[in-house]
Structure formats: C-alpha cells, structure tokens
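**Student:** Take this structure, written in structure tokens, and hold onto it; I'll ask about it next.
The values are calculated or read from the model by the stated rules, or taken from the named source; none is laboratory data. Bear in mind that the values here come from a model prediction, so they are computed numbers and not experimental data. Ligands, DNA and RNA are excluded from the accessible area calculation, which covers all protein heavy atoms including side chains. Shrake-Rupley method; radii C 1.70, N 1.55, O 1.52, S 1.80 Å.
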Amino acid sequence: MDQPWVYIVLVGLLIVVYAKIIPRKSEGTAKSDGAIVKEMEQAMDHLAMELEEQNKALIEMFSGTKQTYEEQAAKLTLRVETLEKQCQELRHELNRLTFSEEQRRLSLQAEASKPGESLGASAGAAVSPAAYTEPAAPDPQPEAANKAAMNMKVRYGELFELYESGKSTDYIAKKLGMNKGEISLILQLAKQEERSNA
C-alpha cells in the first residue's frame, strides 16, 4: 500500500461515506451531528493508523537497504585494499627482477669487454706473450637474439600497434583475447624497459 493511488481511493471512499451520511441527515433518519463527527473521527483515525504502518514499513525497508549497502561497501573496500597490496607487492617484485636482470646484463657486458684480463690474471706471469692467443670474440648473434626476445615491443607487436593507434585496453583485450590487467602490465613493463635502455 505504498502506491499514491491507494491514498486517492481512500479519500474517495471517505467522500462516498460522507455523501451517504448527509442525505440520511436531511431525511431525518440520520444520526445526530455528534455521531457523524464520531464516525468521521474514527475513519480519520483508521486512515492515520494505516499511514503510520506504511511509514514504519518504509523505514524498515530503507534501513535494511542501507545496511545491505554498507556491508557491500565494506566488502568492496576490503577487496580494493587487498588488490592494492597485491599490486604493490608485484611492483616490488618487478623492480627486484628488473634490477637483477640489469645487474646480470652489466656483468655479461663486463665479461665480454675484458676477456684477456681474466685469462691473464689466472695464468699469471708464467705465460709468455707469444703463447697467449686471443680468445674468440663472443658471438653477437645470441646477445642480439636475447635482446630481441627481451624487447616487449617485439614480442607483443600487435598489442603495441593497437595501443599506439589509440585503442582502449578494453578493445585490445577483446581483440587479442587477453586480460586487461595483463595488457596494463605489459605496457608498464615496456615503459620500464625503455627507461632502462635510455
């Protein structure tokens, strides 16, 4: 009974009742004015009680809805906090891996640039300069292949083409059948790779 038409029907019923009471009074068979007023008061009291019950029902409904909303908001807040912590942990892990990869790359470059020093230091002064032969230079192809494999833009060329053409991550995810989070991570890794190579 929380529809507006219910109130209109109740008011109409009051008018009909009042219209039936007035002719009886004029015919002389009606009750006294005090009885009519008493009936009107009872009808109004009944209407007021119904309105009060409806108001209580509405208040209970709204309080239940508010409680449900607060519970869902608390769950979502907890989930967001958990995801933020996971994201932060992944960033730390990514930074650690990037740093260790950079250290490994630098150590490989240092070894490649000084092949004679490590050999000379191990052999000592007993090796004559004539007996010393220069070791073969490391093959540049494996290092180039390693860099190509490490280059994010080469591995995910289609993804970067779509991204650079202005497509959204939602569109790219649907087009390539990937997760949006995975796409965001790849883009972030590519940016860090560009910074480290610069």
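**Student:** Pull up all non-local amide H partners of M178: gap of 5 or more, or a different chain, and H-to-H distance under 5 Å with H placed in the peptide plane.
**Tutor:** Close amide H contacts, sequence-distant or interchain: none at all.
**Student:** Related question: Provide Y163, Y69 ordered by accessible surface of protein heavy atoms (probe 1.4 Å), highest first.
**Tutor:** Descending accessible area places them as Y69, Y163.
**Student:** Now a separate question. Tell me the per residue accessible area of segment 147-198 using a 1.4 Å probe; a whole number in Å² is fine.
**Tutor:** Numbers: 3550 Å² over 52 residues.
Accessible area per residue, segment 147-198: 68 Å².
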